[in-house]
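Written out below as structure tokens is the structure these notes cover.
The values are calculated or read from the model by the stated rules, or taken from the named source; none is laboratory data. If you're wondering where the values come from, they're calculated on a predicted model, not measured in any experiment. Note that we place each Cβ from the backbone using ideal geometry, even for glycine, and neighbour counts take in every protein chain shown. Each accessible area value is taken on the protein alone, full model and side chains, heavy atoms only, with ligands, DNA and RNA left out. Shrake-Rupley method; radii C 1.70, N 1.55, O 1.52, S 1.80 Å.
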There are 2 protein chains.
Amino acid sequence: MTRTVGILIFDGIEVLDLGGPFEVLSVATRLAGRDGEAAPFQPVLIGASGAPAVGRGGFRVLPHATLDDHPPLDVLIVPGGVMDAPLADPRVREWVRAQSARVEVLASICTGAFLLASEGLLDGRRATTHWEDQVDLQAQFPALTVVPDVAWVDSGAVVTSGGISAGIDMTLHLVERLHSRALAERTARQMEFRWSGQGLRDGVNP
Amino acid sequence: MTRTVGILIFDGIEVLDLGGPFEVLSVATRLAGRDGEAAPFQPVLIGASGAPAVGRGGFRVLPHATLDDHPPLDVLIVPGGVMDAPLADPRVREWVRAQSARVEVLASICTGAFLLASEGLLDGRRATTHWEDQVDLQAQFPALTVVPDVAWVDSGAVVTSGGISAGIDMTLHLVERLHSRALAERTARQMEFRWSGQGLRDGVNP
């Protein structure tokens with residue numbers, strides 16, 4: 001089966017928080033295709049509108065779909081960066097909350113965890129974020145428990161990751177969880193990425 | 001001084017070959033700014049035209065400038081991916097050759113080395129590319145010497161790197177070479193990237 005993986009894009013997005021997971025999913029799908037396998041993943045960049053998102057450093061990326069018009073998602077990834085724009089947009093927040101009830105896995109990278117937390121989606125869970133923001137995340141959202149020093153925390157329906165490159169580690173973990181360890185390892189090797197594998201599996205059905 | 005770093009974008013570009021170096025330069029500049037320092041780098045995405053480049057997996061990124069209209073470059077990075085489009089475009093090839101005579105450093109990531117090699121810019125040099133393509137690069141261009149098992153080869157005016165994530169390693173090396181080891185290390189830590197530092201310094205004035 002092909003899993004449709006939505007990646008939210010917004011003004012202020014951290015470029016590698018976006019490019020890393022997209023690359024992992026794209027390479028994994030290419031490698032599976034070499035074996036004649038149906039595409040395991042279809043990454044879809046989703047914007048609040050059809051306009052380009054202006055990421056940090058002025059990187060401009062175009063969405064494939066919008067909040068109002070996108071294929072049904074199996075996985076939703078919320079990247080990080082400067083979160084002011086998505087946090088200030090009630091449409092984005094409501095959409096993330098609505099998707100959280102539908103998808104198999106809801107994931108965040110870096111400061112994307114603040115968007116999940118602000119909707120209460122991390123309450124009662126262990127979670128992580130960029131090392132610089134861990135104290136803030138814990139202070140703002142005492143109903144979650146921040147885990148330091150891991151690339152990602154898999155609490156089943158919700159998976160959070162550390163900063164920037166940790167999103168690559170986490171997406172490789174999602175390839176392992178949703179497809180196979182073998183494909184995740186091949187993908188890391190194809191990307192010449194030193195995959196830490198350093199994460200916390202906090203139960204698959206919390 | 002601010003160095004303007006051009007990154008060539010084209011249809012078929014590998015997303016992380018683009019996003020990785022852009023992120024390194026952008027994060028390094030942000031961290032330097034925290035210390036009140038002038039921006040060390042200004043990354044500029046340069047397209048053959050002003051149209052979005054459609055990278056692998058359907059990722060669409062907008063250029064900041066075009067071959068005919070861009071600021072003077074101090075560094076030019078040629079990413080990899082499917083190289084058919086840039087190799088088939090005489091304007092792109094001629095522009096890369098012309099820039100090679102002007103910039104302080106010409107760099108390639110992954111299969112971007114094929115574009116440099118096709119213009120003779122790697123003749124007599126040691127160079128590297130994605131591990132899957134090393135045999136082809138050597139066979140097609142016997143005047144260069146392929147080095148396996150390194151993230152990058154710095155031959156002074158020209159720096160080449162291995163596949164995909166190796167472009168991050170290489171760009172961190174450029175931050176070290178053009179600014180400082182301290183800033184490169186801070187950038188890697190900010191990105192939570194496990195920087196190998198595994199490269200070959202082949203002389204700075206070959």
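Going from the chain on its own to the full set of protein chains, the range A:1-49 has these residues losing 50 Å² or more of accessible surface (heavy atoms, 1.4 Å probe, no ligands, DNA or RNA): A:16, A:22, A:23, A:30. Normalised per residue, the accessible area of chain B is 36 Å², obtained with a 1.4 Å probe and no contribution from ligands, DNA or RNA. Per-residue shielding of A:192-198, expressed as the average number of other chain Cβ atoms within 10 Å of the residue Cβ, stands at 5.
Within the range A:3-201, DSSP assigns beta bridges of which about 25% are antiparallel (rounded to the nearest 5).
Mean partner shielding of peptide B:60-66, defined as the number of other chain Cβ atoms within 10 Å of each residue Cβ, is 4. Placing unit charges on the Cβ atoms only, positive for Lys and Arg and negative for Asp and Glu, gives chain A a dipole magnitude near 440 debye about its Cα centre. Computed packing ranks the peptides B:88-94, B:73-79 as B:73-79, B:88-94, most packed first, by mean other Cβ atoms within 10 Å.
Across the identical copies, the 7 Å label point of residue B:177, projected outward along Cα→Cβ, sits 4.0 nm from its counterparts, in ascending order. The share of Cα pairs per 10 Å bin across the protein assembly as shown, counted from zero up to the longest distance, runs 5, 24, 33, 25, 10, 2, 0 percent. Dividing the mean sequence gap of close Cα pairs (under 8 Å, 6+ apart) by how many residues the range B:28-152 holds gives a relative contact order of 16 percent.
Inter-copy label distances at residue B:72, shortest first and taken from points set 7 Å along Cα to Cβ: 5.9 nm.
Tell me the total accessible area that B and A bury against each other, 1.4 angstrom probe, in square angstrom rounded to 100.
For B against A, buried area totals roughly 3600 Å².
Pairs of C-alpha atoms in the range A:120-206 farther apart than 17 Å represent 47 percent of all such pairs. Taking the label point 7 Å along Cα→Cβ, residue A:36 and its counterparts in the other copies are spaced 6.7 nm apart, in ascending order.
In the range A:88-206, the portion of solvent-accessible area held by carbon and sulfur atoms comes to 49 percent [1.4 Å probe, whole percent, DNA, RNA and ligands not counted].
Ranked from largest to smallest solvent-accessible area, with a 1.4 Å probe on the protein heavy atoms, A:189, A:3, B:181 come out as A:189, B:181, A:3. Treating each Cα of the range B:3-201 as an identical point scatterer and ignoring solvent, apply the Debye formula and state log10 I(q)/I(0) at q = 0.11 Å⁻¹. Computed log10 I(q)/I(0) values: -0.44. Of all residues in chain A, the one whose Cβ lies closest to the rotation axis carrying A onto B, together with that distance in whole Å, is A:19, 1.
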